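Written below as structure tokens is the structure these notes are about.
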Amino acid sequence: MNNKESKEMGFLDHLEELRWRLIKSLAAILVGAIITFVFIDYIIEILILPTKKLESQFDLQVLKVQGMFILKWGLAFVGGTILAIPVLTHQIWKFVVPGLHKKERVYLFPLIIFTFLAFLCGVIFAYYVIIPFSLKFFSAMGYSDVANNISINYYFSFITWLMIGAGIIFELPVLSYILSSIGILSPSFLRHYRRHSLVIIMVTAALITPPDPISLILMTIPLVILYEISIGISVLAYKKNKNDD
């Protein structure tokens, strides 16, 4: 009976720790959102900048009374989440690390930092490469008698998903390391299915970019590079597991 109560208390303590980790994570997002909101006009100006470099006229409009209010706070929480990634990853690390071996703890924290940097690289790549070519392609599909008056909410939804999608795709090396560390992936597996992965990469690039060959190539090239990097990272993880054994 005492053992049962002890196990139950241990489980409840674990849930209590998880609850506080979640509260701290949400608080970090809220603080990040408030900080982002302070600079929201400057951020909006930066995100609108790609439309000003287009040859054709591209006018953004607010179509709802509460449109800008929703837009600003939506961007604030997206920015707050991005700013809170170091805190979020730290909370995950603090929650997981007690259950890991000492050798595994050494590799986990740098992995989380690399996850954050990889996501930022994807966002930057989307802003400077994917979004300009996407806007150029879609604006060129216009008609002379029809003005390009676009809802600003739809515009920000479009570019936000492109940046988030690119950020997630740039996590491919991180995913490779994790799956290789737990034995699901191996370097030989990734090398063997390199040709198959190329088809998947092209399909993925076609889904997140406009249907034109230039944008497809621009997205395919970094994905292929990321795949090759993933193979190298898988080799390192595979060797580390062998040495630990």
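Brief remarks on what is shown
- For the pair Ser188 and Gln66 in one chain, pulling the backbone fully straight at 0.36 nm per residue adds 38.5 nm over the alpha carbon distance.
- Protection-proxy order for peptides 165-178, 66-79, 41-54, 127-140, each taking the mean of Cβ atoms within 10 Å per residue, highest first: 165-178, 127-140, 66-79, 41-54
- Theoretical FRET efficiency, 1/(1+(r/R0)^6), r = Cβ-Cβ of Lys53 and Lys94, R0 45 Å, to 0.05: 0.55
- Rough spin-label spacing in nm, given labels placed 7 Å along Cα→Cβ, for Phe114 and Tyr128: 2.2 nm
- For Leu60, nonlocal amide neighbours, meaning residues 5 or more places apart or on other chains whose placed amide H falls under 5 Å from its own, are Ile150.
- Given their separation in residues at 0.36 nm each and the Cα-Cα distance between them, Val203 and Ile34 gain 57.0 nm when the chain is fully extended.
- Counted residue by residue at 0.36 nm each, then reduced by the alpha carbon distance between them, the extension gain from Cys121 to Arg21 reaches 33.3 nm.
Bear in mind these aren't lab numbers, they're just calculated from the coordinates by the rules spelled out. Not measured: the values here are computed from a predicted model. Cβ atoms come from the backbone with ideal geometry, glycine included; neighbour counts cover every protein chain shown.
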